[in-house]
1. If R₀ is 51 angstrom, what is the calculated FRET efficiency for the pair D271 and I160, using the beta carbon separation as r and rounding to 0.05?
2. What's the long-distance tail for the range 1-97, i.e. % of Cα pairs beyond 16 Å?
3. Lys and Arg at +1, Asp and Glu at -1: add these up for the other residues within a Cβ distance under 15 Å of C225 and post the number.
4. Hey, got the dipole for the chain? About the Cα centre, +1 on K and R Cβ, -1 on D and E Cβ, debye to the nearest 20?
5. Using only the Cα atoms of the range 64-181, what do you get for the radius of gyration and for Dmax, in Å?
6. Could you please state, rounded to a whole Å, how far the C-alpha centre of the range 10-36 is from the C-alpha centre of the range 136-160?
7. Taking only protein heavy atoms and a 1.4 Å probe, what accessible area per residue, in Å², does the chain have with all protein chains in place?
8. Among DSSP beta bridges whose residues both lie in the range 31-161, state the antiparallel percentage, nearest 5.
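The values are calculated or read from the model by the stated rules, or taken from the named source; none is laboratory data. Keep in mind that what you see is a predicted model, and the values were worked out from it rather than measured. With ideal geometry, Cβ positions are generated from the backbone for all residues, glycine too; neighbour counts draw on all protein chains shown. Accessible surface is based on the protein model in full, side chains and every heavy atom, while ligands, DNA and RNA are left aside. Shrake-Rupley method; radii C 1.70, N 1.55, O 1.52, S 1.80 Å.
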Amino acid sequence: MKVTEHIANAKNTVFSFEILPPLKGQNIKALFENIEPLMEFKPPFIDVTYHREEYIYRDKGNGLLEKRTTRKRPGTVGICAAIKNRFDIDTVPHIICGGFSKEETENALIDLDFLGIDSVLVLRGDPIKSENKFVPDPNGHAYAIDLMEQVVDMNNGRYIDEELQSATPTDFCIGVAGYPEKHFEAPSMKSDLKILKQKVERGAEYVVTQMFFDNQKYFDFVKLCRAEGIDVPIIPGLKPITSLKQMSALPRTFFLDLPDALVDELEKCKDNAAAKEVGIEWCIQQSKELIEFGAPCLHYYSMGKSDPIYRIAEGIF
Ligand SMILES: Cc1cc2nc3c(=O)[nH]c(=O)nc-3n(C[C@H](O)[C@H](O)[C@H](O)COP(=O)(O)OP(=O)(O)OC[C@H]3O[C@@H](n4cnc5c(N)ncnc54)[C@H](O)[C@@H]3O)c2cc1C
């Protein structure tokens, strides 16, 4: 079933989470063991992130460096299929512009369609780690909305190969990203929302937000979206803080603010174990308030560790 169908059929707020594919060379068993306990809370769908290539530099031994391209976390499509097969649960792969030509995207979408995966989260993707700005593939897409249009085209039976006659239309439910604290490159919230509205007008059926730690930011964002006529479900993305260093790493990486009350509590913590307790408790309170608000689904960023998510879900779902 599609994400929007799961939401429409649910009587209460739905639980779901996002996982990262394992690092290249690791096996899938550890991933299964990590997510298995979360099945207790009956997530109707699990998201699997996509990671673009990175550059690595090897010392050639003659004073020169060799630049190589590597994808450290491959396997998104395979993991989606493996989880679906193992747990009989829907999976939502993230598809990104970065590092993919239109043809590679089309082939990935054909694989997903054959596997019976019918929801995708469509994103631009971040810049390569060593680059300070996003550079699209020469034959790829510069913005998520362009990638989204490729998916919409396939849903209408239009593939890249224009010669293709009577191509089978796909039927993907399309999700896109939303930023309660604005995307860092957008000149203003208004311009960011204008793009989000265009995405919805052109076929996006739901929005998943970037993580936030102050629910008021989500409430305000939903209000602004509704005022703009963005009427699709807006799923809040949540991440429990699990270490002291995340106090500076999360704002730096995701361009967000931590509320004073949370920072005050974290500053009292002597070690990561104490910070993790504060982070879990904060996320439980956030979750309870979001359920009361009527959020359609709570979507947790597991970042490869399911035990904090288990503790939160235990107190909520
Ligand atoms: C829920 C969620 C899941 C994510 N999962 C992944 C993942 O799996 N892999 C990964 O690499 N990254 C992931 N990201 C990160 C995401 O790729 C980055 O935040 C990226 O910088 C922007 O992605 P986007 O889809 O919002 O881009 P876009 O919609 O392309 O927007 C990027 C910027 O360009 C502006 N913009 C958009 N369209 C236009 C246009 N036509 N003309 C001018 N300006 C425009 C926007 O306002 C914004 O400032 C995720 C983010 C979220 C919120």
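1. Details: r = 53 Å, r/R0 = 1.04.
It comes to 0.45.
2. Working: 2915 of 4656 pairs.
The share of Cα pairs beyond 16 Å in the range 1-97 comes to 63 percent.
3. Numbers: positive: K182, K190, K194, K197, K199, K217, K223, R226; negative: E181, D192, E201, E205, D220, E228, D231.
In short, +1.
4. Values: 38 positive and 49 negative charges, 159 e Å.
Using only the charged Cβ atoms, the result is roughly 760 debye.
5. In order Rg, Dmax, the Cα atoms of the range 64-181 give 15.5, 53 Å.
6. The range 10-36 and the range 136-160 have Cα centres separated by 27 Å.
7. Details: 15850 Å² over 317 residues.
Normalised by residue count, the accessible surface of the chain is 50 Å².
8. Details: 6 of 13 bridges.
Of all bridge pairs located within the range 31-161, approximately 45 percent are antiparallel.
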